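Notes to accompany the following structure.
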């Protein structure tokens, strides 16, 4: 998401709270076009390591795109929609996973890809 300049990206560990996923990844975009570009980038990056989404919803409107990879569900919102639905508040008991700075991003990206493969 960060590669496409998504805003306020957060990773929430929801595994102790629900059986629907282990992690939620949330990001915002400033336009419908950027929302779709961020979602496409996520799908493309994980497809390159043979992780295809189980479902992909919302690309037509571009207000809120949900990409379900099973254990990880990514949400890309327009900023207004993210404020309205406030998933961070809904999952406020979830532990927030720190996102590494750019210097350590390649190593962290590889760890996340290995996690997605397992």
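Averaging sequence separations of C-alpha pairs under 8 Å and six or more residues apart, then dividing by the length of segment 2-117, give the relative contact order as a whole percent.
It comes to 29 percent, rounded to a whole number.
Between residue 19 and residue 49, take the C-beta separation as r, use R0 = 25 Å, and let me know the FRET efficiency to the nearest 0.05.
According to the calculation, E is roughly 0.50.
Once label points are set 7 Å from the Cα along Cα→Cβ at both residue 99 and residue 7, what is their separation, rounded to one decimal in nm?
Each label point lies 7 Å from its Cα, and together they span 1.3 nm.
Treat the count of other C-beta atoms within 10 Å as a stand-in for reagent exposure and order 12, 46 from fewest to most.
Neighbour counts put them in this order, fewest first: 46, 12.
Report the Stokes-Einstein translational diffusion coefficient (µm² s⁻¹, integer) for segment 2-117, Rh taken as the Kirkwood radius over Cα pairs, at 37 °C with viscosity 0.692 mPa s.
Approximately 229 µm²/s, per Stokes-Einstein.
Of the listed peptides 31-40, 73-82, 91-100, what is their order by residue-averaged count of other C-beta atoms within 10 Å, with the highest listed first?
73-82, 31-40, 91-100
A short reminder: the numbers here are calculations on the coordinates, not readings from a lab. Note that the structure is predicted; figures quoted are calculated from it, not measured. Counting neighbours? That spans all protein chains shown, and the Cβs are built from the backbone with ideal geometry, glycine included.
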